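Below is one structure, written out as structure tokens; the observations come after it.
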Amino acid sequence: MESGTLPKSIDPERAAGQGLVVQGGLDPAPLARLRELVAGDTGPISVRLVFGRDEQGRGLMQGHAEASLPLLCQRCTDVFPFAVHTEWRLVFARSEADERELAEKGIDVCYHSGPLDVADVVEEELILALPMAPRHPGDCEPIARPVAGTHPFAELAGLLKRPRRDI
Ligand SMILES: [Zn+2]
């Protein structure tokens, strides 16, 4: 069963039983946590979710999301479009004990009853996929930093140092 639009929420147990496949664009505007981490407007996020079952019959979701996110380069402090592609496999545990057991094996697992908020899941996965210190993929000019002691341009660099803004 395949559907062309992305639903807001999904019942994971039903979706697993149906082998549901959904794909579509997710509007990034309501994703407040993600918005705090990016340096401008994000285009639509392309998402694909495939539901099924693991060997023991538990429900699982395999997800894929990609987007171009504006990030602040930590080397030159300019904003650049970071192409993020992320994939995940999340197993739905049957109980809290089941969840603990799977987590100990290093399996991404959640114990969840009721519908799954699609935007929440995708936002979480995109945040996990963001680099800790984003940098332009190619070369860029590092901002001048004052170097203690012997650097000949230390003083100049100090004069050129721009105040940092907290964003
Ligand atoms: Zn840069």
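A short reminder: the numbers here are calculations on the coordinates, not readings from a lab. Predicted model only: the values in this text are computed from it and were never measured. Note that each Cβ is placed from the backbone with ideal geometry, even for glycine, and that neighbours are counted across all protein chains shown.
Values computed for the structure shown
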| item | result |
| --- | --- |
| ALA39 long-range amide H proximity, modeled H, under 5 Å | LEU71, LEU72 |
| Shape category assigned to the stretch 1-56 from the gyration tensor of Cα positions, a/c cut at 1.5 | prolate |
| Computed over the stretch 2-139: relative contact order in percent, which uses C-alpha pairs under 8 Å that are six or more apart | 24 |
| Listed peptides 95-106, 66-77 by packing density, highest first (mean Cβ within 10 Å) | 66-77, 95-106 |
| ³J(HN,Hα) computed for each position of the stretch 17-30 - Karplus, 6.51 cos²θ - 1.76 cosθ + 1.60, integer Hz, glycine/proline x | x, 8, x, 5, 10, 10, 8, x, x, 10, 6, x, 3, x |
| ARG48 versus ALA103: modelled label distance in nm, points set 7 Å from Cα along the beta carbon direction | 3.1 |
| Solution diffusion estimate, µm²/s, Stokes-Einstein, the stretch 2-139, Kirkwood Rh from C-alpha pairs, 20 °C, viscosity 1.002 mPa s | 133 |
| Local net charge near ALA119, Cβ-Cβ under 14 Å (Lys/Arg +1, Asp/Glu -1) | -3 |
| Linear extension gain, THR86 paired with MET132, 0.36 nm per residue minus alpha-carbon span | 15.0 nm |
